[in-house]
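Visitor: So that we are looking at the same thing, I have put the structure below in structure tokens.
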Amino acid sequence: MKGTDIHTAAEWLKKGEVIAIPTETVYGLAANALNATAVAKIFEIKNRPQFNPLIVHIKQANALFDIAKNIDERLLKLFYTFSPGPLTILADKKPIIPDIVTAGRPRVAVRIPNHSLTLQLLHSIDFPLAAPSANPFQYISPTSAEQVAEQLGNKVPYILDGGKCAVGIESTIVGTENDEIIVYRLGGISIEEVEAVVGKVKLKNTMKESSEHSIDSPGQLKKHYAPKKPLIVGDIKNLLQEYSDKKVAVISFGKTDFARYPQIKEYNLSPQASLQEAASRLFETLYAIDQSDAEVILAQLVPDTDLGQAINDRLQRAAKESKQ
Ligand code: TXA
Ligand code: MG
């Protein structure tokens, strides 16, 4: 069932059930983060391997100290600057957080989601919420309640409908290693914004090859954002020649002239070339194309600054892992 009733949502959570919740980034599959059995249900619903740890969502900054300790000053500063918002920090977990939440790791990932319904929900319960994105493992993250309903509707008793996600791309994950600030996942807060607060950071993101068990943030798992259809990143005009015998969907950005090609369907992430708009539409666009009759997806990268880095990261990973 889908609805906007916080009381119903809270009741399911108190019973140890998993529900879908809206956030400003993507929808999450949430359960009581202090209840290991409830959290285990998330993995079951998502079909997610247990080694992949979950982000804990809290209602306000001081709740951070209930679940984490030894928090680096600079991470705290980032947390205060960008919360509520698309920033997740990693800090040593306190024992109150069950090991299943962090997949046995010493650090817990924490953020305050910036969505009024979910903040109200968090204020109406007395526990934080562990929540991964509400997609089946390795599929595109949902940015609307309708997408959640289509993907997992029969597996959760309630979807709290908060409309379309404003940011549309997952949170930026930061932590420290040997006193250095590390960005583990590019996301809704850009590197530029992070560096404006704490100075130079190191990007330890994504595209690098690594074995599933050694990675620091499994968002780095290669297969993660893939549509079912083949997606190729590159120069669209060249690619169009190569795929001239196929039904093509093109993901574009800014001003284009693809309208002249009647055989393609263009999905422009932002005709006005706004990176924010493009981020907010990326996953819904991939999802819509997957539902369409297109046989192949051709995508052009966006400018690689600000939110563009996270968008390009997701496009490149989708390209790498789609069935080509
Ligand atoms: O925007 C978001 O972050 C969304 C919304 C629902 O909050 N959540 C989300 O969760 O993207 P998920 O599980 O799909 O991605 C979380 C990433 C994963 O790559 C996970 O491995 C990493 O965060 N992560 C979580 N806890 C961690 C930990 N203790 N140590 C290292 N990485 C962690
Ligand atoms: Mg995810």
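Bear in mind these aren't lab numbers, they're just calculated from the coordinates by the rules spelled out. What you are looking at is a predicted structure, and each value in this text was computed from that prediction instead of being measured. Virtual Cβ from ideal backbone geometry, glycine too; neighbours counted across all protein chains shown.
Visitor: With the crude spin-label approximation of a point 7 Å out along Cα→Cβ, what separation in nm comes out for LYS246 versus LYS77?
Guide: 4.8
Visitor: Which of rounded, prolate, oblate describes region 51-137, given a ≥ b ≥ c as roots of the alpha-carbon gyration tensor eigenvalues and a/c under 1.5 marking rounded, otherwise prolate only if a/b is larger than b/c?
Guide: Here region 51-137 falls in the rounded category.
Visitor: Can you list the lysines whose alpha carbon is less than 27 Å from that of LYS200, not counting same-chain residues fewer than 8 positions off?
Guide: Partners within reach: LYS69, LYS77, LYS93, LYS208, LYS222.
Visitor: Something else: Based on the Cβ-Cβ distance of TYR261 and LYS200, what FRET efficiency does E = 1/(1 + (r/R0)^6) give at R0 = 45 Å, to the nearest 0.05?
Guide: 0.55
Visitor: If you take the square roots of the eigenvalues of the alpha-carbon gyration tensor of region 1-125 and sort them as a ≥ b ≥ c, do you get rounded (a/c under 1.5), prolate (a/b over b/c) or oblate?
Guide: It comes out oblate by the Cα gyration axes.
Visitor: Does anyone have the angle between helix 307-321 and the longest principal axis of the chain? Alpha-carbon axes, 0 to 90°, nearest 10?
Guide: So the inclination is approximately 70 degrees.
Visitor: For the chain, what class follows from the C-alpha gyration tensor (a ≥ b ≥ c being the square roots of its eigenvalues): rounded when a/c is under 1.5, otherwise prolate if a/b is larger than b/c, else oblate?
Guide: It is prolate, given that a/c is not under 1.5 and a/b is the larger ratio.
Visitor: Using 0.36 nm per residue of separation minus the Cα-Cα distance, give me the extension gain between ALA288 and LYS15 in nm, one decimal.
Guide: This chain segment gains 94.8 nm when fully extended.
Visitor: Can you tell me which lysines have their Cα less than 22 Å from the Cα of LYS15? Leave out same-chain residues fewer than eight positions away.
Guide: Within the straight-line limit of under 22 Å, LYS15 reaches these lysines: LYS2, LYS41, LYS46, LYS59, LYS155.
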